[in-house]
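None of the figures in this text is laboratory data; all of them are computed from the coordinates on show. Given the structure is predicted, the values throughout are model-derived calculations rather than measurements. Cβ placement follows ideal geometry from the backbone for every residue including glycine, while neighbour counts extend to all protein chains displayed.
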């Protein structure tokens, strides 16, 4: 009887050691890629032209105030005023900060967005128009001077 208890005890102890040895292996966690922040570029690129029936114009300017510099994007209208349902704006300031906003329907001449700027002359403004098919077309990409002297 004692022999059976010893054999069962040894078998149970052996099983516990085997299970414990399997649990001591370091587990592998799933690797989730960390999103890389988009590269900030202060260099303007090319802009595209919308088809004539969707043409829309924007005016981009600085308010020229040193205390609270702002970049103002104004919808100047065009044939596409009733077709373009969204205008996306991104300002990359000279200090590397990126601000984004969007102008949505109802579109009207004179509608504007105001974003923070700097007192430098190399704040970059990019403007995209979203076509009725959902295509994003860059219609403006240029530096916005802090002040202009005429």
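Go through segment 74-122 and count every residue that is surrounded by 17 or more Cβ atoms within 10 Å (Cβ to Cβ), over 17 Å from the mean Cα position of the chain (by Cα) and either farther than 28 Å from residue 51 by Cα or touching a residue at least 60 places away in the same chain (Cβ under 8 Å) (or both).
Qualifying residue count for the region: 2.
Can you spot a residue in segment 127-143 that is farther than 29 Å from residue 52 by Cα and outside any strand (DSSP E or B)?
Here is the first cut: in segment 127-143, the ones farther than 29 Å from residue 52 by Cα are none.
Within segment 127-143, not a single residue is farther than 29 Å from residue 52 by Cα and outside any strand (DSSP E or B).
Would you confirm whether or not segment 64-77 contains a residue that is outside any strand (DSSP E or B), touching a strand residue (DSSP E or B) at 6+ places or on another chain (Cβ under 7 Å) and closer than 18 Å to residue 141 by Cβ?
Within segment 64-77, none of the residues are outside any strand (DSSP E or B), touching a strand residue (DSSP E or B) at 6+ places or on another chain (Cβ under 7 Å) and closer than 18 Å to residue 141 by Cβ.
For segment 64-73: of the residues being in contact (Cβ under 8 Å) with a residue 24 or more places away in the chain and under 15 Å from residue 120 (Cβ atoms), which is surrounded by the most Cβ atoms within 10 Å (Cβ to Cβ)?
Step one: list which residues in segment 64-73 are in contact (Cβ under 8 Å) with a residue 24 or more places away in the chain, which gives 64, 66, 69-73.
Then keep just the ones that are under 15 Å from residue 120 (Cβ atoms); that gives 64, 66, 69-71.
Working: 64: 13, 66: 10, 69: 19, 70: 15, 71: 23.
Among them, the one singled out is 71.
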